[in-house]
Amino acid sequence: MPIFSKLSTPMNRRIGLMGIGSVVAALVSGCSGAQVLDHLVPHDTYHGPTGVSYGPDPRHLLDVYQPATDTVPGNAPVVLFLYGGNWTSGERAMYRFVGEALAANGIIAVVADYRLSPHVHYDGFLGDCALALQWTLSHAASLGGNPERVMVMGHSAGAYNAAMLALDPRWLAPLDLTPDRLAGWIGLAGPYDFLPIVDPEVQLAFSWPHTPANSQPIFHANAKAPRTLLLAARNDTVVDAQRNTVGLANRLRAAGSEVEMRIFDRIGHVTTVAALARPLRWLAPILPTVVAFVRGESLPQT
């Protein structure tokens, strides 16, 4: 079956989410949805600079969410978050709820924009994400974080980006970095094994049919992979969780890598990340699972 189904179009995603609630439906409908959710997220749990440049392109901007509560100076974990959007859309401001959720739990969050298709292909946006990670690693200490506790996390297309940085050394090598600089990585509802490509937007982003097998995260499963947390919805109608999340987890485990995986009921593709927001946390324990993994604690039972 296709990994990116017709349900990945913006209109069908809106239709599919109407039963979950107006907040989620508004979230995926665009700017107004982000404003709805933004009004429900506190502003007093974090501080930090916004619109920070990490590279030469106008899209090379990021926002930082530092915990407002006391943390041990220089020891806070740091997470770079990469959003999804079929590699064709997305703005960091729409994911303030992610930054707030992490900062409120003592984690420094960095939410980065990156260039999108059709302006660049997959090598372009992966290069951007590598630059954002370089910035995060080099500024972790000055932000009050521990450079040895930096992770990368993504949702949907952003989880693909995170996986490639963590598993395929080609993207960090030009920056004199290697994946072992990461304390771990987290993928939410990510596509990790999606050839052949049927979605026209994704075909363009990945130059189909000239897409190499090594464009797929599952191709790079290896014993030296950073600690991995994979979360997905059992009934995800956009990205097949069995093929992608379960498949990558099995391949990493077979290679001898450390992997935690959780598959949740009662959520879908979009709500795998939206459940991080305070109004929607009742849907699934996404946040406590992520926080426990980042802290190196035992994950909550599902």
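Odds and ends about this structure:
- Overall dimensions of segment 236-283 as given by Cα atoms, namely Rg and Dmax in Å: 12.8, 39
- Counted over all Cα-Cα pairs of the chain, pairs farther apart than 34 Å make up 11 percent.
- Loop-located trypsin sites (Lys or Arg not before Pro) across segment 210-290 with a Cβ neighbour count of 15 or fewer within 10 Å are 224, 234, 266, with loop assigned by DSSP.
- Dipole magnitude (debye, nearest 20) for the chain, charges at Cβ of Lys, Arg, Asp, Glu: 520 debye
- Spherically averaged projected area in nm², based on the convex hull that wraps the Cα atoms of segment 181-281: 7.4 nm²
- Think of the chain as having a plus end and a minus end, set by charges on the Cβ of Lys, Arg, Asp and Glu; of 222, 119, 244, 244 sits farthest toward the positive end of this dipole.
- In the chain, a dipole from Cβ-located charges (positive for Lys and Arg, negative for Asp and Glu) runs towards its positive end, and of 51, 103, 264 it is 264 whose Cα lies farthest in that direction.
- When both bridge partners sit in segment 6-295, DSSP labels roughly 25% of those beta bridges antiparallel.
We did not get these values from a lab; they are worked out from the coordinates using the rules stated. Quick caveat, the model's predicted, so the values are computed rather than measured. Backbone-built Cβ (ideal geometry, glycine too); neighbour counts: all protein chains shown.
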